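**Q** This is the structure I have questions about; it appears just below.
The values are calculated or read from the model by the stated rules, or taken from the named source; none is laboratory data. Quantities reported herein were computed from a predicted structural model and do not represent experimental measurements. Don't worry about glycine lacking a Cβ; one is built from the backbone with ideal geometry, like all the others, and counts go over all protein chains shown. These area figures cover heavy atoms from the full protein model, side chains too; ligands, DNA and RNA do not enter into them. Shrake-Rupley method; radii C 1.70, N 1.55, O 1.52, S 1.80 Å.
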Amino acid sequence: MHKSRLAGFIIDCRTDDLDAAARFWSAALGLAPRSNANQDALYRALDTAPDEPHLEVQQVQHESRVHLDIESDDIEAEVRRLEKLGASSLGAVKTWHVMEAPTGQRFCVVPAQRPDFAAKANTWKD
């Protein structure tokens, strides 16, 4: 048995100025930018409440798009579950797994992140 749920949204931006992209999305959504102290140089997080999905702006080399993250306490089990539903595995990257829905949208399965994960995530029988 494992758990999963929507973790957040990533705004992929093909840009040379990630800070400018983050400032735009911060102003557009009314969410303050978070401190970058412990963050990868390719990401800028926006300040969402702990019980809300996270929102990040990511610098990418592919076309700009939005993708979602699904958080799970067992990434391998969640990947298998999603493959049974028709998703395709595109591979592991760092601590997450990139996948593609049957309709072509890419998304990631990431480690559980939010503090209320255990209490509010969906439970799946493996």
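**Q** Tell me, what % of the accessible area of the chain is carbon and sulfur with a 1.4 angstrom probe?
**A** 54 percent
**Q** Using a probe radius of 1.4 Å on heavy atoms only, what accessible surface per residue do you get for region 1-97? Whole Å² is fine.
**A** Accessible surface, normalised per residue, equals 58 Å².
**Q** Let me ask something else about it. Please list TRP25, TRP96 from largest to smallest accessible area, probe radius 1.4 Å, with all protein chains kept in place.
**A** So, going from the largest accessible area down, we get TRP25, TRP96.
**Q** I would also like to ask the following. Which whole-angstrom value gives the distance between the alpha carbon centres of region 23-71 and region 95-115?
**A** Using only Cα atoms, the two centres lie 15 Å from each other.
**Q** Return the equivalent ellipsoid semi-axes of the chain as a descending list in whole Å, where each equals the square root of 5 times an eigenvalue of the C-alpha gyration tensor.
**A** Each semi-axis is the square root of five times an eigenvalue, giving 26, 18, 11 Å.
**Q** Could you calculate the FRET efficiency of ARG65 with ASP126 from 1/(1 + (r/R0)^6), where r is the beta carbon distance between them and R0 is 35 Å, rounded to 0.05?
**A** In this case the efficiency is close to 0.70.
**Q** What do you get for the angle between helix 18-29 and the principal long axis of the chain? Use alpha-carbon atoms, 0 to 90 degrees, nearest ten.
**A** 80 degrees
**Q** Let me ask something else about it. Just the Cα atoms of region 70-126, one point each, no solvent: what log10 I(q)/I(0) does Debye give at q = 0.12, 0.19, 0.21, 0.27 Å⁻¹?
**A** Here log10 of I(q) over I(0) equals -0.27, -0.65, -0.78, -1.14.
**Q** Rolling a 1.4 angstrom probe over the protein chains, ignoring ligands and nucleic acids, what is the accessible area of THR123 in square angstrom, nearest 10?
**A** Counting only protein heavy atoms, the figure is 80 Å².
**Q** Separate question: How tilted is helix 75-84 with respect to the longest principal axis of the chain? Cα atoms for both, answer in degrees (0 to 90, nearest 10).
**A** 70 degrees
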